[in-house]
Every structure is written in structure tokens, then in C-alpha cells.
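Student: Shown below is the structure under consideration.
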């Protein structure tokens, strides 16, 4: 799509495109987004123009389109230019930019019969392998990385293919095995109902990695549930509960000798466009609910309705990890759990780590797989 | 305040307190919050009761108050008990719990004539010293830690008095000095207008530490602005702009060769109660704004109104750091900047690091300075 014309009007510049559509850009917006080397640093990705110096009522003294580039002259002699691709990408005319659906496939247990999987050597060895893995993570919220060396600490290197590790009170790398002095139910042999991790923090980690090193114990199958699929089902089957869970902050708390971490957030969070954005759910860490007494029964009913979906066989994918498997999943979307195991029957040892969702998206952008693809420079 | 009586009703238990007030607790809520060793792990801070096993319409078979403790019997023979302190703290009866105002003093430049300060040895040496520092941080959003050894890396130990370091694309510890190949304007000698750090991440770091090691250059004074004081002023002086800035997601982006991090959030974020919660502001990293064209002029006007307050002399505290000073501040509230300096006139070398707000609050809770103070166990 190419820019073919631009008409200066009192408050804005009306651009005309080769498909006949128009998009408006305000003068002050154009001046503010000038990307010349005076207004943006030539090598540092930051605006050096101090926006407060731009009069709010600035009006371009000239606008012209040449070869798909919009050239704008300003009253003080400054000049800006904006390419078609950059303008098209940043246009704020309603409907101008195509709505890009999240490349997301909601799933139920049966849909994961052929679970998304990647090969460790390929992920580590090439950008294509890395991207293939991340696209699975993005579409399904889960990917099993197979054939990973069963060397302790290896999962850190895998996570760092994306970005730096996100630390927590559990450390950069944590050992999931039944142990004395456990400070988490994860470090016992009891069953874990499906949950997201670090619910009591303002932002839950975005990607979780669980690397199976040794697994000789009886029991201990892993479970995964697509929280977005359950939320989507709840929206259809019980819209009242869906409304409650998207609007009521639920408190969570983890209080040990070393930390006392508390946060609250809706169990189902929507983004500003109303799309599913994040699940925050842990039966084990939910703090005492606090809403007006007249709303408490409905809140409990709503939590129960969602919980029932999360626990249903229809949505629960079960698998037994093998040594060398790394279960990687979107901790804002996919809940995980495990069945109990018998620690007397043999060892079960996983190692885990986290990264933030911001950094997954950053890596996807750098690999060209996620808009915005162009630079922030409108050159 | 002590519990003196409890009356079982069909949907809830009505508790009566020694000041004559009542507070309602639903049966299902009480059963769900049972803290016996069957329902909560005896040493791990997690609920082991699977809440889905509690009937939503459960009704206590007996309720009794003895010595300030509420004893509840359940139809299956299970028994729960709840102490007065725990019940009072978790009561959800409107108005029952006193509203605890945030211990927050909004300030203008003149109010900081005697800037909040702490002594490094005291902060490192005792819980009292640590707490004194953190209370300043909490009340004013800033505290200068004086007499810190000018040994590189020392700031990490100071931050770890609170919690583990929050990593970012800039690393665990970053050197603020004018350097070639800079990937941030902070690492040049240009002026920095007031901003919060890491605006392009979903959650900005909660506490920032800037440790002055060497400062012989001319210029380079530090600036601080209480963003909450400015937002509070904006709410009064320009409520329309305040409304726009609390409801419009503003996009930010940091795009280098190594990362492409983008997030959006309101410039002034309110919590669910409508209280000031977070400022997200950086002129340098703001991405092209995208709202309906009919709203763009008002958005620019609103950003400008807030920016003007943030830049005003009335709100701008200026100081020159000395070697041994660590400027610590709430990066969700207080904006920082610096004036330009002349790198030819001598060196200026700071080191910085971050921790998350969750962990500041955790440390304050562990030190007994922040409700909720009791454990999550209603014993």
C-alpha cells in the first residue's frame, strides 16, 4: 500500500492511498514523530526531541508526497519525512490497519493428541528452529522440547535462547522434587491442581520451563489446561460468571519466613480491546476473598464455574514427561498441574525456570514474526 | 477488638463484636478458609483443601464463640476455628475494617529542602536502619542513602537488603556514564527530562537505585519530581486531562538490535479504589500515539498538561549527588532526570540496579510495617 497524496487541513494532514482510502494524521502527531537525527538519536532507540517544545497548534507549512514518501515542512524550517510503510503501520484512522488476529488456537484435551513439539538441537542451533518453537508457544501456549540433555542447568540455556531469566523468591533455577523443608507444594509429592505460577506477584512469569531430568517414580503425570479455551467456554456457557471473573480483583498471597508477597488481579483478565489476556488462578494461594457480602455467593459460584471447566476431562491434557523433555508453556494462558506420585517408588526430578512475556514477544518481534515489524523510525 | 458472639443464618454466620458491631461471613467462605492442618499445609504457606470439594451451599452445623475464637462444626464432622484478630483483619463487611490511608506525603520541590536520607551502615547493619529507610521510600517515594562505600557493585548489596535484583535488558547492574556505543540516552551526557524507567515493559521496576561512585564533571545535577503530586494537582486543575490520562493506554517501545520491547499503559494509573497507583512516563520512549482521530488533539493536550506540571520549577527537586550517595526512589511514583554535563570536564560515574515493587512491599510486611500483618492462617 502506497501513499499517493496528502492534503494539509487546519488540524491535520489527510493522506490518500493507492487503494483510494484516506488516513488522517494530526500536525502535532507528525511533528512529534519526526525521525530525523535531530529528533531521534541516530543510534539509540529514543526520541531526543523534547515534545514540550512543539506547539500543540503547530501547522505544517508544506506537505508533499514524492515516491510514496510524505515530506512535511514546518514553520521554523524544520523538515520531516515519513515513508508509506511506517505511516501505514502507525495510522490511527479507524479501520485503516487490518485487525490482525492473535495467531492463537484454543484447544481441548483431544486437540493435543499430537502435542506441539520441538527438537532441542534445532531450537538451540538455528533461528528457524527457535522461531518454530516460539510460534508453537504463541499459537498453542505450549510446546514440548524433546531430546534435551539431562544435564542439570541445561534449561537455563534453553530459556536464554529467548531472553534473560526472570528471578523470583524461588531462585533463577528451581528443583522440583519431593524434598524435606519444602516451601512450596510443588516440592512435595502431593497432587497439584491446575494453576498458574507466581499468582501472588503483580505480573506472573510469561513462559515457564519444566525440564525432566529423572523420572522413575510411579504416578506424577503432568496436566495442562488451556485457560483461554476454558474462559472462552465460560463466556458462552455462563456469561454472568465470566463478567464477575473479569472484573473482580482476586487476592493471592504467598507468605513464608523469607517473603510475604501479595497481589490481586482478575481471574480472567481482558485487554483494552476485550480479548483474553491473562489467567491468574491458584486454588492453593488464593487469599480470603473480600467483596461486598451481597456479592460473595455469586463470586464463589463464578469461581466454581470456572474451576469446574479447568478440572474437566474435556479440557485436561495429561502426559507423562520423559527425561529429556522440557515442557514450555505460556503461564498467562495455560495452567499446569500434576498427579501425585510415590517418592518411595523412585526419583522424580524436574528443573524449572521462567522468563517474562515481554521478552517472549520481544524475541518474536526480532525474528520478524510479530507486528510491529518495522523500526520506530519513520524513515 | 474481640469477637463475642456468632449466629448461624441460612447463608452466613453473623458475628458480633465487643464494640457492638457485626460482620457477616458466608458459610462457604469460612469452610474455604479453614486453616487446620488438613486444609492448609502445616509448614508450606498454601491451601491444601481443594475448594471444589466444598459444596457451595454448605451450612455450618454448629457455631460457637469461646474466648474470642469462633468454632465452627460442619455436617461431615470437620471442625474449623478462627481467631478474632484474623477474622477482624479479613472481614469483608463494608466499613468494618478501618480504611488505612497509604502513609504517603506528596511533595513539591520546597518540601524536600531536608531530603529524606538514611545512613548506609545503619541500613546494612540493623532491621531498624533498614525499616527507617524503607518507610522513607514508602512515604516520600525517595530516600538518599549516604556514606555508601564508593566501591563498584556495592549498590547490589544495598538492594539485596530488600530482595533479589530485577534483571532487564540492561543487566543486573548498569553503569551510568557517558560512553561510546551507548544503547540508552542515560549513557550519554545529554540532559534527561523526568521519566520513569523501563516504561516499555508491562511492569516498571518498583525501586530504582542510583549509586554515585565518581562525580567530577561540570553539570549533571539530578532532578526528581513526585509524579503523584503532579497527578494530584492535575486532577484538581484539569480534571478532563486527568480522565484522559487515567483511561488511555499509552504505547511505549524500546527497540535495539538485541530487543524490541513494547507495552502500553495509562500515563497515570489508578488502582481499583481510584487511588493513584503508578506513573508511566517517558518522552524519549513514547511510541506513536494511536487513538481515534477525534480524540488525538485532546490526548496531546492532556499529555502536555501533565508534562508541564512535571517540568515546573514548583515540582522539580534538584540536587547534585556526591560520591557515596545512593539515590533510591519509587519508580512507579517519582520521576527522575538529570541536567546535561560536560564529559570533558571530568568523570561522572553512577551504577544502578532495580528491584520490583512486590518485593519492597514484601520486605515492609516482614518488618511488620504494612498490613496485612497477621499470617494467612486464621488460627
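Student: Can you name every residue in segment A:301-310 that is within 7 Å of another protein chain (Cβ to nearest Cβ) and crowded, with 19+ Cβ neighbours inside 10 Å?
Tutor: Hit for segment A:301-310 is A:307, nothing else.
Student: Considering B:134, B:130, which residue is touching a helix residue (DSSP H, G or I) at 6+ places or on another chain (Cβ under 6 Å) and farther than 24 Å from residue B:230 by Cβ? Break it down into steps so the answer makes sense when it comes.
Tutor: Numbers: B:134 fails: farther than 24 Å from residue B:230 by Cβ.
The conditions single out B:130.
Student: Hey, residue B:108 hits all of (1) modelled with pLDDT of 95 or more; (2) over 30 Å from residue B:335 (Cα atoms) but one; which does it fall short on?
Tutor: (2)
Student: I would also like to ask the following. Is it the case that segment A:275-285 has a residue that's surrounded by fewer than 20 Cβ atoms within 10 Å (Cβ to Cβ) and either more than 7 Å from chain B (Cβ to nearest Cβ) or closer than 26 Å to residue B:162 by Cβ (or both)? It would help to see each step written out before you state the result.
Tutor: Narrowing segment A:275-285 to residues surrounded by fewer than 20 Cβ atoms within 10 Å (Cβ to Cβ): A:275, A:277.
Subset that is either more than 7 Å from chain B (Cβ to nearest Cβ) or closer than 26 Å to residue B:162 by Cβ (or both): A:275, A:277.
Yes: one or more hits.
Student: Filter segment B:152-175 down to residues that are surrounded by fewer than 17 Cβ atoms within 10 Å (Cβ to Cβ) and either within 11 Å of another protein chain (Cβ to nearest Cβ) or without any contact (Cβ under 8 Å) to a residue 24 or more places away in the chain (or both), then give me how many there are.
Tutor: Counting residues in segment B:152-175 that are surrounded by fewer than 17 Cβ atoms within 10 Å (Cβ to Cβ) and either within 11 Å of another protein chain (Cβ to nearest Cβ) or without any contact (Cβ under 8 Å) to a residue 24 or more places away in the chain (or both) gives 3.
Student: List the number of the failed condition for residue A:377; all other conditions in (1) modelled with pLDDT of 95 or more; (2) within 14 Å of chain B (Cβ to nearest Cβ); (3) in a loop (DSSP other than H, G, I, E, B) hold.
Tutor: (1)
Student: Based on this model, can you work out whether residue B:313 counts as over 21 Å from residue B:199 (Cβ atoms), out of contact with any strand residue (DSSP E or B) (no Cβ under 9 Å at 6 or more places or on another chain), at pLDDT 95 or above and facing chain A (nearest Cβ under 7 Å)? Write out each step before concluding.
Tutor: Working: over 21 Å from residue B:199 (Cβ atoms): yes; out of contact with any strand residue (DSSP E or B) (no Cβ under 9 Å at 6 or more places or on another chain): yes; at pLDDT 95 or above: yes; facing chain A (nearest Cβ under 7 Å): no.
For residue B:313, the condition - over 21 Å from residue B:199 (Cβ atoms), out of contact with any strand residue (DSSP E or B) (no Cβ under 9 Å at 6 or more places or on another chain), at pLDDT 95 or above and facing chain A (nearest Cβ under 7 Å) - is not met.
Student: Only residues that are loosely packed, with under 14 Cβ neighbours inside 10 Å and either at pLDDT below 95 or part of a loop (DSSP other than H, G, I, E, B) (or both): list them for segment A:62-81, please.
Tutor: If the condition is that a residue be loosely packed, with under 14 Cβ neighbours inside 10 Å and either at pLDDT below 95 or part of a loop (DSSP other than H, G, I, E, B) (or both), then A:67, A:75, A:76, A:77 are the ones that fit.
Student: Among residues belonging to segment B:115-127 that are closer than 28 Å to residue B:228 by Cβ and without any contact (Cβ under 8 Å) to a residue 40 or more places away in the chain, point out the one that is surrounded by the most Cβ atoms within 10 Å (Cβ to Cβ).
Tutor: This residue is B:123.
Student: Further question: If residue A:65 satisfies every condition in (1) within 13 Å of another protein chain (Cβ to nearest Cβ); (2) farther than 30 Å from residue A:231 by Cβ but one, which is the exception?
Tutor: Evaluating residue A:65 over (1) within 13 Å of another protein chain (Cβ to nearest Cβ); (2) farther than 30 Å from residue A:231 by Cβ leaves (1) as the failure.
Student: Right, something else. Looking only at residues in segment B:12-36 that are in contact with a strand residue (DSSP E or B) (Cβ under 6 Å, 6 or more places away or on another chain) and loosely packed, with under 15 Cβ neighbours inside 10 Å, which one is farthest from residue B:75 (Cα to Cα)?
Tutor: B:18
Student: For segment A:205-222, state whether one or more residues are out of contact with any helix residue (DSSP H, G or I) (no Cβ under 6 Å at 6 or more places or on another chain), on the phi > 0 side of the Ramachandran plot and away from chain B (no Cβ under 11 Å).
Tutor: Keep residues of segment A:205-222 that are out of contact with any helix residue (DSSP H, G or I) (no Cβ under 6 Å at 6 or more places or on another chain), which gives A:205, A:208, A:210, A:212-216, A:219-222.
Next, from what is left, pick out any that are on the phi > 0 side of the Ramachandran plot: A:219-220.
Narrowing further to those that are away from chain B (no Cβ under 11 Å): A:219-220.
Yes.
Student: For segment B:331-353, how many residues meet the condition of being surrounded by fewer than 22 Cβ atoms within 10 Å (Cβ to Cβ), within 14 Å of chain A (Cβ to nearest Cβ) and part of a strand (DSSP E or B)?
Tutor: 1
Student: Another one. Applying the selection to segment A:176-191, what residues are closer than 11 Å to residue A:284 by Cβ, more than 9 Å from chain B (Cβ to nearest Cβ) and in a loop (DSSP other than H, G, I, E, B)?
Tutor: Once the filter is applied, which keeps residues that are closer than 11 Å to residue A:284 by Cβ, more than 9 Å from chain B (Cβ to nearest Cβ) and in a loop (DSSP other than H, G, I, E, B), segment A:176-191 yields nothing.
Student: Now for a separate question. Which one of the conditions (1) surrounded by fewer than 16 Cβ atoms within 10 Å (Cβ to Cβ); (2) away from chain B (no Cβ under 13 Å); (3) at negative phi does residue A:94 fail to meet, given that it meets all the rest?
Tutor: (2) is the only condition that residue A:94 fails.
Student: Another question, then. Where in segment B:226-330 are there strands (runs of 3 or more DSSP E), lying fully within it, with 3 or more residues that are in contact with a helix residue (DSSP H, G or I) (Cβ under 8 Å, 6 or more places away or on another chain)? Steps first, answer last, please.
Tutor: On the way: elements: B:250-255, B:260-265, B:268-270, B:276-279, B:316-319, B:326-330.
Correct list: B:260-265, B:268-270, B:316-319, B:326-330.
Student: Answer yes or no: is there a residue in segment A:118-141 that is in the same structural domain as residue A:12 (by TED's automatic domain parsing), part of a strand (DSSP E or B) and more than 30 Å from residue A:260 (Cα to Cα).
Tutor: Here is the first cut: in segment A:118-141, the residues in the same structural domain as residue A:12 (by TED's automatic domain parsing) are none.
For segment A:118-141, residues in the same structural domain as residue A:12 (by TED's automatic domain parsing), part of a strand (DSSP E or B) and more than 30 Å from residue A:260 (Cα to Cα): absent.
Student: Pick out the one residue from B:366, B:361, B:370 that is touching a strand residue (DSSP E or B) at 6+ places or on another chain (Cβ under 6 Å), within 13 Å of chain A (Cβ to nearest Cβ) and within 30 Å of residue B:29 (Cα to Cα). Lay out the reasoning, then the answer.
Tutor: Working: B:361 fails: touching a strand residue (DSSP E or B) at 6+ places or on another chain (Cβ under 6 Å); B:370 fails: touching a strand residue (DSSP E or B) at 6+ places or on another chain (Cβ under 6 Å).
The match here is B:366.
Student: In this structure, is residue B:115 touching a helix residue (DSSP H, G or I) at 6+ places or on another chain (Cβ under 7 Å), part of a loop (DSSP other than H, G, I, E, B) and more than 9 Å from chain A (Cβ to nearest Cβ)?
Tutor: Details: touching a helix residue (DSSP H, G or I) at 6+ places or on another chain (Cβ under 7 Å): no; part of a loop (DSSP other than H, G, I, E, B): yes; more than 9 Å from chain A (Cβ to nearest Cβ): yes.
No; evaluated as a whole, the condition is false for this residue.
Student: Look through segment B:37-54, keep the residues that are more than 10 Å from chain A (Cβ to nearest Cβ) and surrounded by fewer than 16 Cβ atoms within 10 Å (Cβ to Cβ), and return whichever of them is nearest to the chain's Cα centre (by Cα).
Tutor: Step one: list which residues in segment B:37-54 are more than 10 Å from chain A (Cβ to nearest Cβ), which gives B:37-39, B:42, B:53.
Remaining after also requiring surrounded by fewer than 16 Cβ atoms within 10 Å (Cβ to Cβ): B:37-38, B:42, B:53.
Numbers: B:37: 33, B:38: 35, B:42: 30, B:53: 36 Å.
Only one residue tops the list, namely B:42.
The values are calculated or read from the model by the stated rules, or taken from the named source; none is laboratory data. All of these numbers come straight from a predicted model, not from anything done at the bench. Heads up, the Cβs are rebuilt from the backbone with ideal geometry, glycines too, and the neighbour counts pull from every protein chain shown.
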